[in-house]
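As structure tokens, the structure follows; a few thoughts come after it.
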């Protein structure tokens with residue numbers, strides 16, 4: 001089966017990430033894209049909970065960095081196809097800069113392998129408490145508001161703004177009216193990073209449906225997860241086996257890189273079932289309890305983080321080497337299968353390493369990480385617009401790729417942070433991200449004037 005030369009990895013639309021401020025259950029719907037709180041912060045948060053809270057901050061930084069440097073990866077061809085021309089390469093790379101650095105290729109390749117699967121796994125961790133609290137229909141209704149509403153808002157408002165620079169670099173008529181005409185004529189709705197929202201919503205609904213049809217199924221999954229979590233290698237083997245069954249058939253049918261080109265729901269055909277495996281793995285871990293299974297802070301996974309780092313790097317380079325043999329589209333089916341199997345292995349190893357490292361080193365309180373974690377959803381929601389426009393603004397600059405990537409990342413983080421704070425002060429914006437609106441202090445000028453007048457009289461009478 002030929003896979004073509006679409007690139008080393010479809011860094012494309014691999015974009016990566018509740019709820020209420022008073023319960024941890026809500027995080028199950030939107031581990032990265034929920035509300036201002038990953039989980040409540042009691043006075044004595046468990047070490048596992050603290051490590052996972054900090055992991056959320058790490059992940060949002062990786063997401064911002066990933067998108068910030070996509071314009072500077074080395075293997076992308078400099079020339080870009082037209083805005084209306086398949087395969088619509090601008091969906092993956094809205095801006096393609098002439099300045100490149102191979103280090104960004106390695107970084108982005110690694111994130112493309114494991115990051116989204118990790119996000120789905122972590123998103124499943126707190127599904128069970130949420131189902132217990134809200135019941136099935138209440139759970140679904142809540143998820144429709146917290147995931148569906150931001151998804152629609154992003155498609156209608158954020159994505160047209162984000163993709164405008166991609167149109168400007170591919171046309172001699174860069175006017176807004178022309179852009180909107182071409183944009184609306186596309187056979188699909190550009191999703192950018194927002195595809196994660198609708199797929200996560202679908203999995204949340206599937207979890208609620210399973211709990212309604214078979215109320216004991218998630219409990220059984222939780223018991224198995226606790227038992228297997230005591231032996232990370234057993235859990236790893238089971239995860240890899242299920243991932244092979246979920247990933248290999250659609251990949252052989254559609255190639256690893258194929259994306260949908262119609263409708264409002266963007267989907268990479270080879271991965272939805274893989275993401276479902278990781279999501280329900282997270283559901284099982286969370287149902288069994290995060291302090292007594294695979295993600296226990298003092299468990300075997302955390303103790304052997306260095307071994308998982310070695311496994312992650314070895315499997316990554318194995319996948320890169322085998323995949324390089326498939327890029328011209330002439331590799332035999334055996335090589336294609338070997339590439340797919342090595343991807344599954346690298347994906348699981350990368351997830352295990354990042355979780356293990358977070359459990360080993362991240363169970364410490366950090367004001368900066370706590371703040372990033374608390375605002376991760378709104379940072380995720382708005383950052384892509386800043387990324388693309390900053391990359392576009394730097395196109396004519398002769399700065400090195402490393403410098404450009406650093407500028408885009410730092411400026412995106414700062415601008416997204418400012419926007420986040422502003423959103424929290426707008427009632428609709430706060431509702432959109434599930435946050436409590438931040439009250440704006442309005443000075444009482446009448447009281448202030450009276451106070452100043454009284455002080456003036458006191459001074460004059462002396």
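Taken together, the values in this text are just the output of simple stated rules run on the coordinates, not laboratory data. Here the structure is a predicted model, which means the values were calculated and not measured. Positions of Cβ are backbone-derived with ideal geometry, glycine not excepted, and every protein chain shown enters the neighbour counts.
Points to keep in mind about this one:
- Cα centroid separation - the range 138-181 against the range 54-100, whole Å: 17 Å
- The packing ranking, built from the mean of other Cβ atoms within 10 Å per residue, places the peptides 56-66, 139-149, 173-183 in the order 56-66, 139-149, 173-183, highest first.
- Potential extension, residue 397-residue 253 segment - 0.36 nm per residue separation minus Cα distance: 47.6 nm
- Rounded FRET efficiency, nearest 0.05, which uses the C-beta distance separating residue 205 from residue 231 and R0 of 35 Å: 0.60
- With eigenvalues of the C-alpha gyration tensor scaled by 5 and rooted, the range 252-299, Å: 33, 11, 8
- The label-point distance for residue 410 and residue 334, in a model that sets each label 7 Å from Cα toward Cβ, rounds to 5.2 nm.
- Rough spin-label spacing in nm, given labels placed 7 Å along Cα→Cβ, for residue 61 and residue 153: 2.7 nm
- Shape summary of the range 107-199, radius of gyration then Dmax from alpha carbon positions: 17.9, 56 Å.
- Pairwise Cα distances in the range 330-370 exceed 16 Å in 57 percent of cases.
- Summarised in one figure, the compactness ratio Rg/Rh of the range 24-423, Cα atoms and Kirkwood Rh, is 0.95.
- Panel order for 85, 291, by other beta carbons found within 10 Å of each beta carbon, from fewest to most: 85, 291.
- Label positions at residue 75 and residue 262, each projected 7 Å from the Cα along the C-beta direction, are separated by 3.0 nm.
- Additional length obtainable on full extension of the chain from residue 314 to residue 178, 0.36 nm per residue less Cα span: 44.1 nm
- The alpha carbon convex hull volume per residue for the range 220-326 rounds to 125 Å³.
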